[in-house]
1. For segment 7-21, enumerate the residues that are part of a loop (DSSP other than H, G, I, E, B) and not β-branched (Val, Ile, Thr).
2. If you go through segment 172-207 one residue at a time, how many are modelled with pLDDT under 85, β-branched (Val, Ile, Thr) and not in a helix (DSSP H, G or I)?
3. Does segment 22-30 include one or more residues that are touching a residue at least 12 places away in the same chain (Cβ under 8 Å) and part of a strand (DSSP E or B)?
4. Looking at segment 46-57, can you tell me whether even one residue there is of a type in the set (S, T, N, Q), within 19 Å of Val88 (Cα to Cα) and more than 19 Å from the chain's Cα centre (by Cα)?
5. Determine whether Asn75 is assigned to a helix (DSSP H, G or I), modelled with pLDDT under 85 and in contact with a helix residue (DSSP H, G or I) (Cβ under 9 Å, 6 or more places away or on another chain).
6. Please verify whether Thr92 is among the hydroxyl-bearing types (Ser, Thr, Tyr), part of a helix (DSSP H, G or I), at pLDDT 80 or above and under 18 Å from Val20 (Cα atoms), treating the condition exactly as stated.
Amino acid sequence: MTRYGSIYVVTNTVTGEQYVGQTRQKAARRWKTHINTANSQATQKYKLTKAIIEHGKESFKFVEVFSAFDAATLNAAEIKFIEELSPVYNITKGGAGHRGVVTSVETCKARSERLKRQWANTDWRATQIEKLKQLSNSPEATQRGKCVAAIGSAARAKHVFCPEINCSFLSVSHAAKYLNVSHTGVRYALRNGSKIKDKFTILEVAN
């Protein structure tokens, strides 16, 4: 199968603090992007950027920890890793979203007042309602709904690990596709402790 994206963990070897991220790029290129951002010192609102500036790139270890074959699995895996590691440098809960960002009371009030003024304008309100109707019926909206459902399904899947290739999979299904065997074969090996193709061991990863 073709790799869709990866989950990576950045660890500050001085403090032990971590960052979990996802990327569609090659892992080394993504780390280089983090370094370039820190070197430019243009965007210092991110905790990881500030830490790299403070401690230097030599103080950080970058490790690719998971490969996914689709967007839903990538997002679900990022959420899972953040839940388990509780990385200090992350400002969201993962999944390519902004859940978890703490917004100040002042900012919330300002946004609320701005939206009230906009919705008080009948022309603006009518335009927005029409846009929402069009978006809700679009193919993109349908696909987004399927992705959200898939994320929930993937997060509940049985996580497995193959020590021979040092690779973890978010579900039996993905392990089967990667190893080019049936789902039944993976489940049998997992249940009975046997090897797939006489060389691949499958172990369940505790949630």
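1. Taking segment 7-21 and keeping what is part of a loop (DSSP other than H, G, I, E, B), we get 13-17.
The answer is Gly16, Glu17.
2. Counting residues in segment 172-207 that are modelled with pLDDT under 85, β-branched (Val, Ile, Thr) and not in a helix (DSSP H, G or I) gives 1.
3. Yes, segment 22-30 contains a residue that is touching a residue at least 12 places away in the same chain (Cβ under 8 Å) and part of a strand (DSSP E or B).
4. Filtering segment 46-57 down to residues of a type in the set (S, T, N, Q) leaves 49.
Remaining after also requiring within 19 Å of Val88 (Cα to Cα): 49.
Now restrict to residues that are more than 19 Å from the chain's Cα centre (by Cα): none.
Within segment 46-57, none of the residues are of a type in the set (S, T, N, Q), within 19 Å of Val88 (Cα to Cα) and more than 19 Å from the chain's Cα centre (by Cα).
5. Details: assigned to a helix (DSSP H, G or I): yes; modelled with pLDDT under 85: no; in contact with a helix residue (DSSP H, G or I) (Cβ under 9 Å, 6 or more places away or on another chain): yes.
In short, no.
6. Values: among the hydroxyl-bearing types (Ser, Thr, Tyr): yes; part of a helix (DSSP H, G or I): no; at pLDDT 80 or above: yes; under 18 Å from Val20 (Cα atoms): yes.
Judged against the criteria, Thr92 is not a match.
The values are calculated or read from the model by the stated rules, or taken from the named source; none is laboratory data. Just so you know, these numbers come straight off a predicted model, no measurement behind them. When we count neighbours, we look across all protein chains shown, and the Cβ atoms used for this are built from the backbone with ideal geometry, even at glycine.
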